[in-house]
Amino acid sequence: MVPEPQCEAPQCCSLDAALEDMEESPEFEEVPSDCDQDGSGAGGSDEHVKVPPKVGQDAATVAGQQRVCCAGGRRPQVSNWEHCPTPQSFVRCGPHHRAELCILDKSDIETLSDIWWRYRDDLSWPWYDQKPQFSDQDFLTFRAISQKVVDAMVEEYRQPMVLDQATLSNTNHIGHPPHADNVQFDSVWWKGKRIRKEDEVVAAQEGAYVLWRPEKTSYRSYSCTVSLCDPAGYEGGEVQFFEKWGDKDPIVSYKCAEGCGVAFCGCQRNIHAVTGMQSGFRLVLLVWTRPPDVRVPDNQSHVCYFRPGTGLGVWLTTADILRSSSRKCYRSAGIQSWVPKDEDDGTCACSNCTTERKKVAWRDCCGAGNVQQGKSEPFKPSTLALEASAPTPTTSAGNSPRTQETRNESPSNESQGSTPSEENGDQPMTLNEHPRHCPHLQGKTLCKYHGRLRLYNVLSKADMRELRWIWDTHQDDLSCPWYEQKPTFTMHEFDGLRRIAQKVVDAMSEQYREPLVLDQATISNTNHLGHPPHADNVQFDSVWWRGRQIKQKDELAAARGGAEVLWRDAKTSYRNYSATVALTDPSEYGGGDLEFYDEWGQKDPSEKHRLKPGCGVAFCGCQRNVHAVTGVRWGFRLVFLIWTRPLEAQVPDDQKHVCYFRPGTGLSVWLTTADLHDYPARRQQKRQTWVPVCSGRKETEELEDVKRGNSVEQ
């Protein structure tokens, strides 16, 4: 049983209070955790790790490094370092109380009900191929009524906010489980140790520390639900609020009258749920707001906020609202969409924002006439700049900045589209030629040939049956592991898996005309998430133009406009080639296409592959083979993935046990580098340590006689 902790629940605090709290505890510094592309750690959040301060660092230096980012209206929360080394998620809400509001009249309710009837859809099984478009009049009406709710929320909370999204929802029998809108539950901690998943609820109920991480909607601040029908006409559908995560019983429930609703902030102070409908009809207007100085991520502007309990709904998305600013009829009606120019208002003093301000905006590059149809004069960095340039700052690709140790020391040539022949020689490609715009050298690669090669019938039906049997036996999901440690193969299973993997490696060696060593293999059941575009053995770092780094928000546009993309070393830079072999027929699943891109930021893939069972495709792991896998929409997709390395390559000790895993990997089985070494060694050790044991009385007496005879002879 977990004892009652001597700490308070996490509260929102001012920036000054957060900085004072950090200055009082200078014995630790916060550094971003490494989130390289092949990490297998669980969690999935932008975690920060507390490490001891460096020798010679004073309290002021450490406190300065711990400065919390407050750009875009971020408000840090008090974190309890005694229990958890990771800080609580930031929020953008101020007052946290719940407020009952009576806002809409009968005509508003009738208008919204009519809009719902004509545009409703069920996103669990969509009726339409794409979101229905509102007529001009319906958009103006829906937007105006939603704005009435926002105005009432501004008056109540005395905080500036703008409409972000609105939904008309016909709650179904499923309802909504307890959740917070703008932060997401991460884990439960006690005295610096993370509580096991199966014990999290009990531990939280008994006072353990709950950690929250940012949600995709963390740019929002407040929410409001307004009833559009008489509560006497249905049973269920109550809005419940809980004091803390893990509580069984709510502290308050609401079943509002027509036109009335309840407003609340989106942080963990207002964990809420909606009970499923038991009978009748329930229709509500849901409104979400954000501060006026916050930029909406591009990948969230078109998203319809949906849960299984939403039922038939109508969505007024951020994209709908922003699109209205370009329509003359909307401007004439007085509807103007507020669009922030920049999320950083220049007041935040954290290291990330300070570094970001030193970068150049892509529009400034274009405005200065530096870009002419993607062509420009080569940028030639000085030798001094190449040898002693400062580390590349943190980018959108990850949290680990480039360091002097990760840069390469000498350039190498580039042979895009070459064939495996003697032209490449025996020298591995470690670097690109001097870049045109970037003062840093590209990350090292060990691949000599960059084309994609087809592997026809590399596996037999018997091989595929054996791999499927191994997958059925040892499958696991590393996003939420079933086992405390990696399952152990029998020697028969190991021999079979290694033999089949070696067949693929031999086929790759024959195609590439160079010796290759098996490094790791995976049997993967791709799920609905798929894999976003990436390169296996180098990692995207940043985008550059004429010696200056492009701002993160402009990286994609700049890369498509001809700017230089910088790639840094990945943890798997000791590898050279990869291969994927299909184990199921493509007619058995939808989606799951293997896509290849010629450049980072390319909008459409240059190649798509749907492989037949037993066939595969091999490719190098550098930036010339940026690839992705689309999510599996239906059916079952099973593939065999292989990674190789050169004969002379050394595997770092911290990578030998790592299971190459992404969220879209699904249920999988891993043959790691450590397995390839440990299983044969275990077999050899078993042979050497076998000693016969004499268990009978006669054999024991004979052994004693032999010993006595030996002692007499001596």
Among (1) in contact with a Lys or Arg (Cβ under 6 Å, 6 or more places away or on another chain); (2) in a strand (DSSP E or B), the one test that PHE540 misses: (1)
Only one of ASP463, ASP472 that is farther than 15 Å from CYS659 by Cα, in contact (Cβ under 8 Å) with a residue 40 or more places away in the chain and of a type in the set (D, E, K, R): ASP463
Residue in the range 213-227 that is free of Cβ contacts under 8 Å to residues at least 12 places away in the same chain, in contact with a strand residue (DSSP E or B) (Cβ under 9 Å, 6 or more places away or on another chain) and aliphatic (A, V, I, L, M) present: no
The range 127-155 residues that are within 23 Å of SER221 (Cα to Cα) and of a type in the set (Lys, Arg), paired with ones that are at pLDDT below 90 and assigned to a loop (DSSP other than H, G, I, E, B) (beta carbon under 7 Å, 6 or more apart): ARG143/ILE335
Condition broken by ARG269, with the remaining ones in (1) farther than 24 Å from ILE115 by Cα; (2) part of a strand (DSSP E or B); (3) open to solvent by 40 Å² or more (accessible area, probe 1.4 Å) satisfied: (2)
Residues located in the range 486-536, provided they are under 18 Å from ASP593 (Cα atoms) and open to solvent by 60 Å² or more (accessible area, probe 1.4 Å): HIS528, LEU529, PRO532, PRO533
Residue list for the range 196-212, filter: crowded, with 19+ Cβ neighbours inside 10 Å and either closer than 14 Å to SER79 by Cα or free of Cβ contacts under 8 Å to residues at least 24 places away in the same chain (or both): ALA208, TYR209, VAL210, LEU211, TRP212
Only one of GLY562, GLY601, GLY591, GLY547 that is more than 30 Å from ASP364 (Cβ to Cβ) and not hydrophobic (A, V, I, L, M, F, W, C): GLY591
Given (1) over 26 Å from LEU667 (Cα atoms); (2) crowded, with 23+ Cβ neighbours inside 10 Å, number of the condition ASP554 does not satisfy: (2)
Selection within the range 257-266 - over 14 Å from SER223 (Cα atoms) and either crowded, with 24+ Cβ neighbours inside 10 Å or without any contact (Cβ under 8 Å) to a residue 40 or more places away in the chain (or both): none
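Quick one: in the range 557-582, of everything that is without any contact (Cβ under 8 Å) to a residue 60 or more places away in the chain and over 17 Å from PHE640 (Cα atoms), which residue is surrounded by the fewest Cβ atoms within 10 Å (Cβ to Cβ)? Even if it seems obvious, please write down each step before you answer.
Our first condition is that a residue be without any contact (Cβ under 8 Å) to a residue 60 or more places away in the chain; within the range 557-582, this holds for 559-560, 565, 582.
Filter once more, so that each one left must be over 17 Å from PHE640 (Cα atoms): 559-560, 565.
Details: ALA559: 19, ARG560: 15, VAL565: 22.
That would be ARG560.
Take ALA152 and tell me if it is surrounded by fewer than 18 Cβ atoms within 10 Å (Cβ to Cβ) and among the aliphatic types (A, V, I, L, M). Even if it seems obvious, please write down each step before you answer.
Working: surrounded by fewer than 18 Cβ atoms within 10 Å (Cβ to Cβ): no; among the aliphatic types (A, V, I, L, M): yes.
No, not satisfied.
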Some residue of the range 611-631 being out of contact with any His (no Cβ under 7 Å at 6 or more places or on another chain), crowded, with 24+ Cβ neighbours inside 10 Å, among the β-branched types (Val, Ile, Thr) and touching a residue at least 60 places away in the same chain (Cβ under 8 Å): no
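Does ASP585 meet the test of being under 23 Å from the mean Cα position of the chain (by Cα), at negative phi and surrounded by fewer than 23 Cβ atoms within 10 Å (Cβ to Cβ)? Outline the logic, then answer.
Working: under 23 Å from the mean Cα position of the chain (by Cα): no; at negative phi: yes; surrounded by fewer than 23 Cβ atoms within 10 Å (Cβ to Cβ): yes.
Judged against the criteria, ASP585 is not a match.
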Within the range 162-195, considering residues that are under 16 Å from ASN80 (Cα atoms), under 24 Å from the mean Cα position of the chain (by Cα) and among the charged types (D, E, K, R), the one least open to solvent (accessible area, probe 1.4 Å): ASP186
Residue ID - surrounded by the most Cβ atoms within 10 Å (Cβ to Cβ), chosen from residues in the range 213-244 that are farther than 30 Å from HIS302 by Cβ and of a type in the set (Asp, Glu): GLU238
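Considering only residues that are part of a loop (DSSP other than H, G, I, E, B) and within 14 Å of LEU671 (Cα to Cα), which ones fall in the range 458-477?
Pass one, the range 458-477, residues part of a loop (DSSP other than H, G, I, E, B): 458-460, 475, 477.
Of everything in the range 458-477, just one residue is part of a loop (DSSP other than H, G, I, E, B) and within 14 Å of LEU671 (Cα to Cα), namely GLN475.
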Close pairs (7 angstrom Cβ cut-off, 6 or more residues apart or separate chains): over 10 Å from ASP138 (Cα atoms) in the range 106-125, in a helix (DSSP H, G or I) and at pLDDT below 95 anywhere: SER124/PRO308
Counted residues, the range 420-445 - those being at pLDDT 55 or above, over 30 Å from the mean Cα position of the chain (by Cα) and open to solvent by 40 Å² or more (accessible area, probe 1.4 Å): 1
Qualifying positions in the range 446-459 - farther than 30 Å from ARG682 by Cα and either open to solvent by less than 30 Å² (accessible area, probe 1.4 Å) or acidic (Asp, Glu) (or both): CYS447, TYR449, HIS450, GLY451, LEU453, LEU455
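Evaluate the following for ASP114: is it among the acidic types (Asp, Glu) and exposed (fewer than 15 other Cβ atoms within 10 Å of the Cβ)?
Working: among the acidic types (Asp, Glu): yes; exposed (fewer than 15 other Cβ atoms within 10 Å of the Cβ): yes.
Spelling it out, ASP114 is indeed among the acidic types (Asp, Glu) and exposed (fewer than 15 other Cβ atoms within 10 Å of the Cβ).
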Top-ranked residue of the range 460-478 - restricted to ones that are crowded, with 17+ Cβ neighbours inside 10 Å and touching a helix residue (DSSP H, G or I) at 6+ places or on another chain (Cβ under 8 Å), ranked as farthest from ARG196 (Cα to Cα): ASP463
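The values are calculated or read from the model by the stated rules, or taken from the named source; none is laboratory data. All of these numbers come straight from a predicted model, not from anything done at the bench. Methodologically, a virtual Cβ is constructed for each residue, glycine included, from the backbone with ideal geometry; neighbour enumeration extends over all protein chains shown. For the accessible areas, the whole protein counts, side chains as well, though only heavy atoms, and no ligand, DNA or RNA atoms are used. Shrake-Rupley method; radii C 1.70, N 1.55, O 1.52, S 1.80 Å.
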